[in-house]
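Novice: Here's a structure for you.
The values are calculated or read from the model by the stated rules, or taken from the named source; none is laboratory data. Note that this is a predicted model, so its numbers are computed, not measured. Positions of Cβ are generated from backbone atoms using ideal geometry, with glycine treated the same way; all protein chains shown enter the neighbour counts.
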Amino acid sequence: MTTSNVQHAANATGKVAVVTGASSGIGAATARALARDGYLVVLGARRTDRIDALAAEIGGRAMYLDVTDPASVERFAGTLERVDVLVNNAGGAKGLATVAEADLDDWRWMWETNVVGTLRMTKALLPALIASGDGLIVTVTSIAALEVYDNGAGYTSAKHAQGVLHRTLRGELLGTPVRLTEICPGMVETEFSLVRFDGDAERADAVYDGLTPLSADDVAEVIAFTASRPPHVNLDQIVLKPRDQADARRNVRNR
Ligand code: NAP
C-alpha cells in the first residue's frame, strides 16, 4: 500500500478508519462493520495472512503492525494521509496468576500491548485525526478497566491504565474536533482466552461453558453505531456484557 492509494481509495463516505488487532475477534468484526458503513478500513496486525484476506473481502487495506514496536508503528502511520477513526483494539491477556506468583514477562506483554501500544498509536495518528475535522478515537478496554479480580492483576492493571490514558485525552482534547469513546466489554468469545492460556483450547473453551457470551459482532455493532453519531455527540463510555454476566466475578451457567 502506498500513501496515495489509502487516500484515493477511500470509498462511499471518503472516510478512513484504522483498526488495530484486526486479524481476529473484535478487531476483525469491527473492520467488517465499518467497511459496511462506507469507511475505507486500514487493518493492522502481525498476522498479515489474515488481514490480507479480510482486506480483500471488505475492500480495505492491510498492513503489518506490531503496536509494541515503535518502528512498526511509525512505518504504519507514515503511509496514512487521512484518518477519521482510530480503533485502539489490539490487546489481550496472558495468564491468570496471583500477584505473588506473577510472571513478569506476562505483565510486560500486557502493559506493552494494551497500554503503551495504545499510547503509541494514538500519538502517531492524533495529528491526522485532528486534521480530519471530525475525528474519533475508540479504545477497547474492558470491564477489567473498571473492576479488579483475583489472579487478574496483570490484565486489570493494564486495562485500568489504558482506560485512564483514554479518559485523560477526553479533557486534553477539548476544543479539538476529536471525539473519544471507551468500549468496556465483558465476556466476548474470541481468541482472547486461547491467547490468555497460551493455546490451551480446552481451558479456553471452559471459560464460555454453559453461558452465552457476547460475540465479536455484538461489540463491533456498538463501535459502528458510535462512529455513526453526528460530530457533536460523544458517547464517552459504553459497558456491555452478556445477560449471563453481572460483573467480572459473577456469572450464571447452565440456566
Ligand atoms: P483476539 O481475538 O485475541 O484479538 C486480539 C487482536 O490483537 C488480534 O488481532 C491480535 O493480532 C492483536 N494483537 C495482539 N498483540 C498485538 C501487537 N503487538 N500488535 C498488533 N496487534 C496485536 O481477542 P479480542 O477479544 O478480539 O480482543 C480485542 C480487544 O478486546 C483486546 O484489547 C482485549 O483486551 C479486549 N477485550 C476482550 C474481551 C473478551 O472477552 N474477548 C473482553 C473485554 C475486552 P495479531 O496476533 O495478528 O498481531
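Novice: Of the conditions (1) surrounded by fewer than 20 Cβ atoms within 10 Å (Cβ to Cβ); (2) within 11 Å of the ligand (Cβ to nearest atom); (3) not in a helix (DSSP H, G or I), Arg50 clears all except one; give me its number.
Specialist: Among (1) surrounded by fewer than 20 Cβ atoms within 10 Å (Cβ to Cβ); (2) within 11 Å of the ligand (Cβ to nearest atom); (3) not in a helix (DSSP H, G or I), Arg50 violates only (3).
Novice: Considering Ser72, Ser23, which residue is within 15 Å of the ligand (Cβ to nearest atom), of a type in the set (S, T, N, Q) and touching an Asp or Glu at 6+ places or on another chain (Cβ under 8 Å)?
Specialist: After applying the criteria, what remains is Ser72.
Novice: Would you tally the residues in segment 127-138 being free of Cβ contacts under 8 Å to residues at least 60 places away in the same chain and under 16 Å from the mean Cα position of the chain (by Cα)?
Specialist: 1
Novice: Just checking, does segment 99-122 include any residue being touching a residue at least 12 places away in the same chain (Cβ under 8 Å), touching a Leu at 6+ places or on another chain (Cβ under 8 Å) and part of a loop (DSSP other than H, G, I, E, B)?
Specialist: no
Novice: Please go through segment 80-98 and give me each residue that is within 14 Å of the ligand (Cβ to nearest atom), in a loop (DSSP other than H, G, I, E, B) and of a type outside the set (D, E, K, R), ordered by number.
Specialist: Hits for segment 80-98 are Asn89, Ala90, Gly91, Gly92, Ala93, Gly95, Leu96.
Novice: Still on this structure, I have one more. Checking Ser193 against (1) touching a residue at least 12 places away in the same chain (Cβ under 8 Å); (2) more than 10 Å from the ligand (Cβ to nearest atom), only one condition comes out false. Which one?
Specialist: With respect to (1) touching a residue at least 12 places away in the same chain (Cβ under 8 Å); (2) more than 10 Å from the ligand (Cβ to nearest atom), Ser193 is out only on (2).
Novice: Residues of segment 199-211 being more than 13 Å from the ligand (Cβ to nearest atom) and surrounded by 14 or more Cβ atoms within 10 Å (Cβ to Cβ), which ones?
Specialist: Arg203
Novice: Then there is this: From the list Arg243, Arg170, Arg253, Arg179, which one is part of a loop (DSSP other than H, G, I, E, B), in contact (Cβ under 8 Å) with a residue 40 or more places away in the chain, more than 14 Å from the ligand (Cβ to nearest atom) and of a type in the set (Lys, Arg)?
Specialist: Checking each option against the conditions leaves just Arg253.
Novice: Moving on to the next point. Would it be correct to say that Ala124 is more than 19 Å from Gly25 (Cβ to Cβ), within 14 Å of the ligand (Cβ to nearest atom) and either small (Gly, Ala, Ser) or modelled with pLDDT of 95 or more (or both)?
Specialist: Considered against the rule, which asks whether it is more than 19 Å from Gly25 (Cβ to Cβ), within 14 Å of the ligand (Cβ to nearest atom) and either small (Gly, Ala, Ser) or modelled with pLDDT of 95 or more (or both), Ala124 comes out as yes.
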